[in-house]
1. Against the definition (surrounded by 19 or more Cβ atoms within 10 Å (Cβ to Cβ), modelled with pLDDT of 95 or more and not in a helix (DSSP H, G or I)), how does residue 135 come out, yes or no?
2. Report, by residue number, each residue of region 177-190 that is in contact with a strand residue (DSSP E or B) (Cβ under 6 Å, 6 or more places away or on another chain) and outside any strand (DSSP E or B).
3. Provide a single number: the residues in region 114-128 that are free of Cβ contacts under 8 Å to residues at least 60 places away in the same chain, surrounded by 14 or more Cβ atoms within 10 Å (Cβ to Cβ), under 27 Å from the mean Cα position of the chain (by Cα) and not in a strand (DSSP E or B).
4. Check off (1) at pLDDT below 95; (2) in a loop (DSSP other than H, G, I, E, B); (3) over 21 Å from residue 165 (Cα atoms) for residue 94 and give me the number that stays unchecked.
5. Among the residues of region 326-356, what is the count of those that are surrounded by fewer than 16 Cβ atoms within 10 Å (Cβ to Cβ) and at pLDDT 95 or above?
6. Give 275, 265 a once-over and let me know the one that is at pLDDT 95 or above, part of a helix (DSSP H, G or I), over 15 Å from residue 10 (Cβ atoms) and in contact with a strand residue (DSSP E or B) (Cβ under 6 Å, 6 or more places away or on another chain).
7. In region 93-113, which residues are within 21 Å of residue 174 (Cα to Cα) and touching a residue at least 40 places away in the same chain (Cβ under 8 Å)?
8. Before we move on, is residue 260 crowded, with 22+ Cβ neighbours inside 10 Å and part of a strand (DSSP E or B)?
């Protein structure tokens, strides 16, 4: 049973079905991408523990696989105690649902290098925290996804605006924010880390560009020194070992002249990892399914350099059409994944372009070119969906 049925969940379900697994998709809205390919589906408010428990007890799944953060994780902790298998573990899902739990684990318990941070429950506490951390700093909701509610506060005059953005963009009515030191990093990567019956396996590092906290493009492999890669793998192994269980984890790291800093971790496939559908012998989704089923993963092979580029909506509509796919597919070594979400929202990912080539630079150029040819048409208007 998949909890959260977006575009990443859709690929997880397809990979599960390739190995003969019966699949159930759950989300808060009808006709979510993964629901379109699952054997069965349910519409549930997953922040409502009673409703979540009801659907899990009804179906009695062998595996409960959270695909998003906005879930009543206290209920998952209870269900795990009752014998249900939560992937990778209920502890991992609970800790990574909010930024406070995972940051305290990484920094205070494991001693991993992180940006300086502080927490605030109201505007006055936030002002004190910002003065302590210094500006510029990054202010985020304790719980959010895809960069919602995140902002860079560059002066004391911007604190109230950042507070309002965080509270408006956060999930689960959490009036609590995290303030982070602004790290001057050379690059930001995702290190996909797989815990399986074969031990811990790493995918080649993925570089990415974010805008307003949400990824726009990613590429693989990201160029790193041997020393940086080893340091990154050590950090990723420490945090994933602490979370436990089998599955794929998306570990986000900053690379700077002073070392590798831990940023965040997701105990599930990562949006930037969609590029693996064009680069690896096993995509991040295939790796996740193999791992949680207990199957061996002796190695991960990088076939070719590749890149992904997202297609995002700029308006809201329940009636839209994606065009330009044929022109996009005219770019050599390119794939397009249209997510078929039931409606557009401003900034919502609606599709992704995947390209591979002999070099990362060529792959990124191809992906950007292919994405530029895709448009979304709705309400009698046409809008380019990529930046």
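The values are calculated or read from the model by the stated rules, or taken from the named source; none is laboratory data. Since this is a predicted model, take the numbers as computed values, not measurements. All Cβ positions, even for glycine, are placed from backbone atoms using ideal geometry, and neighbour counts span all protein chains on display.
1. No: the conditions fail for residue 135.
2. 182, 183, 185, 186
3. Looking only at that region, the number is 1.
4. Failed condition: (2).
5. Counting residues in region 326-356 that are surrounded by fewer than 16 Cβ atoms within 10 Å (Cβ to Cβ) and at pLDDT 95 or above gives 9.
6. 275
7. Narrowing region 93-113 to residues within 21 Å of residue 174 (Cα to Cα): 93-105.
If the condition is that a residue be within 21 Å of residue 174 (Cα to Cα) and touching a residue at least 40 places away in the same chain (Cβ under 8 Å), then 93, 95, 96, 97, 98, 99, 100, 102, 103, 105 are the ones that fit.
8. Spelling it out, residue 260 is indeed crowded, with 22+ Cβ neighbours inside 10 Å and part of a strand (DSSP E or B).
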